[in-house]
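Working notes for the structure below.
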Amino acid sequence: MKLLVTGGAGFIGSNFILYWMNKYPNDSIVNLDKLTYAGNLESLRKVENQKNYRFIKGDICDADAVRIAMHKVDLVVHFAAESHVDRSILGPAVFMMTNVVGTQTLLDAALQAKVKHFHHVSTDEVFGTLKLGSKEKFHEQSQYNPRSPYSASKAASDHLVRAYRTTYGLPITITNCSNNFGPYQFPEKLIPLATTNLLEGKKVPVYGEGNQVRDWLYVSDHCRAIDLVVKKGKNGETYCIGGQMDGVTNLQVVKKIAKLLGKDQSAIEFVKDRPGHDLRYAMDWTKIHRELGWKPEHDFDTWLAKTVVWYKQNTDWWKRVKSGEYQEYYQKQYRNR
Ligand code: NAD
Ligand code: TYD
């Protein structure tokens, strides 16, 4: 089988490529990625020289680049996106371009190339926010209520993907997942930011009072869920994916990381809250569990401890990200190709 992975140089996309190439060594993967600040080919060093892997530097909004990348592809797994809420508040335009126009460009090309399956990776944030302290969870029938430019753009992309199935018959699946964490995550998101700042002896900024709640999903659990959905999921269906945890606040997450690193909590710094900050996300993943047999492999504490160890052992990777040196890698590695 030939896959087109978009955004494969990003956090989840690179974990997915490593996962897939290890599990299905006879498949081939084309990775189409623009290499924005969030794209880091150093995360894919283990596979970059394999014959069944090809990297194409390109923009998903560029119809020609997309058409070339889509050649003879059986399955598209679409991760490419602008993904950071805080950046979407500072500059929404690029979110609309990549997440909406980029997705539509890919959908058109998938139709033309007659790909057998288009899988779209989306977020729980399209459903809005839940009340703190309530037991309510998001599920596949939850109403869309995006509240940030990021989640609004992802909501639009979900609608487009469904519309291309209804209107043109494109075979699709969608997953909406909660906050991911794990190796190779850009240290602008809470868990890698807190971990690497603590390792560097810097302060950890906690927005507001830190009482917001996220449903943390370990990235390899997420990759396994996508694997199940693309292999066994039903055409046109959506599956919600979340972690195994119970209402841990951001402040508690940061305190757990500090404890794992043997640091005291004086490093925690409360800063101005994010405008329109969603209070709580929680996912009901009954459907994917019941229909496809998926569940997280471990609970949050176990995965968090493994993640912190990974950042401790891979200082080179994140120090090069924080210094910006990772961006030179493409030039060095792909100059003569
Ligand atoms: P990321 O920001 O780490 O990576 C995004 C990748 O997309 C980067 O490699 C970047 O270079 C690439 N990209 C951006 N614009 C592009 C364009 N115009 N053309 C081609 N490539 C482009 O993101 P991530 O955390 O790996 O998220 C992957 C997907 O999962 C996104 O669609 C995101 O909305 C979704 N998601 C992420 C999370 C999370 O917690 N990280 C949670 C739910 C859903
Ligand atoms: P983030 O990792 O940006 O993901 P998202 O906004 O998509 O949920 O943030 C996770 C939570 O942590 C969110 O409630 C915002 C909060 N946060 C902080 O308190 N401090 C920080 O420095 C960051 C980046 C996030």
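Each reported figure results from applying straightforward, stated rules to the coordinates on display, with no laboratory input. Fair warning: this is a prediction, and the values are worked out from it, not measured in the lab. Every residue, glycine among them, receives a Cβ derived from its backbone with ideal geometry; neighbour counts consider all protein chains shown.
Per-residue 3J(HN,Hα) values for the stretch 86-102, derived from phi via the Karplus relation 6.51 cos²θ - 1.76 cosθ + 1.60 with θ = phi - 60°, read 4, 5, 5, 6, 6, x, x, 4, 5, 5, 5, 5, 5, 6, 9, 5, x Hz in sequence order (x marks Gly and Pro). Reducing the stretch 55-129 and the stretch 239-278 to their Cα centroids gives an inter-centroid distance of 29 Å. Per residue, the average separation of C-alpha pairs within less than 8 Å and at least 6 apart gives the chain a relative contact order of 18 percent.
The alpha carbons of the stretch 1-84 give a radius of gyration and a Dmax of 11.6, 34 Å, in that order. Across the stretch 56-122, counting alpha-carbon atoms alone, Rg and Dmax equal 12.5, 39 Å.
The alpha carbons of the stretch 105-250 give a radius of gyration and a Dmax of 17.2, 54 Å, in that order. Using only side-chain charges placed at the Cβ, +1 for Lys and Arg and -1 for Asp and Glu, the dipole size of the stretch 251-332 relative to its Cα centre rounds to 120 debye. Note on the chain: Cα Rg divided by 2.2 N^0.38 Å, N the number of residues, gives 0.95. Scanning residues 5 or more positions from Trp294 or on other chains, those with amide H under 5 Å from its amide H are His289, with H placed 1.01 Å from N in the peptide plane. Close amide-amide hydrogen proximity is noted between Arg274 and Gly208, each under 5 Å apart and 5 or more residues distant or on a separate chain (H modeled in the peptide plane; Pro and chain starts excluded).
Across every direction, the projection of the convex hull enclosing the Cα atoms of the stretch 204-322 has a mean area of 9.3 nm².
Judged by the mean number of other Cβ atoms found within 10 Å, the most tightly packed of the peptides 61-70, 238-247 leads the ranking 238-247, 61-70. Along the charge dipole of the chain, Cβ charges K/R +1 and D/E -1, which of His84, Val248, Leu260 sits furthest on the positive end? It is Leu260. Distant-in-sequence amide contacts of Met283, defined by a placed amide H-H separation under 5 Å and a gap of 5 or more residues or a different chain, comprise Phe138, Gly243. Available extension along the chain between Glu200 and Ser266 is 22.3 nm, counting 0.36 nm per residue and deducting the alpha carbon span.
Here the peptides 19-26, 121-128 are ranked by packing, the mean other Cβ count within 10 Å, and the order with the highest first is 121-128, 19-26.
Annotation: peptides 277-287, 311-321, ranked by per-residue average of other Cβ atoms within 10 Å with the highest first, follow the order 277-287, 311-321. Name the shape class, rounded, prolate or oblate, that the alpha-carbon gyration tensor gives for the stretch 154-209, where a ≥ b ≥ c are the square roots of its eigenvalues, rounded holds for a/c under 1.5, and otherwise prolate holds if a/b is larger than b/c and oblate otherwise. The shape class here is prolate. Computed from label points 7 Å out along Cα-Cβ, the spacing between Asn26 and Asp86 is 4.6 nm.
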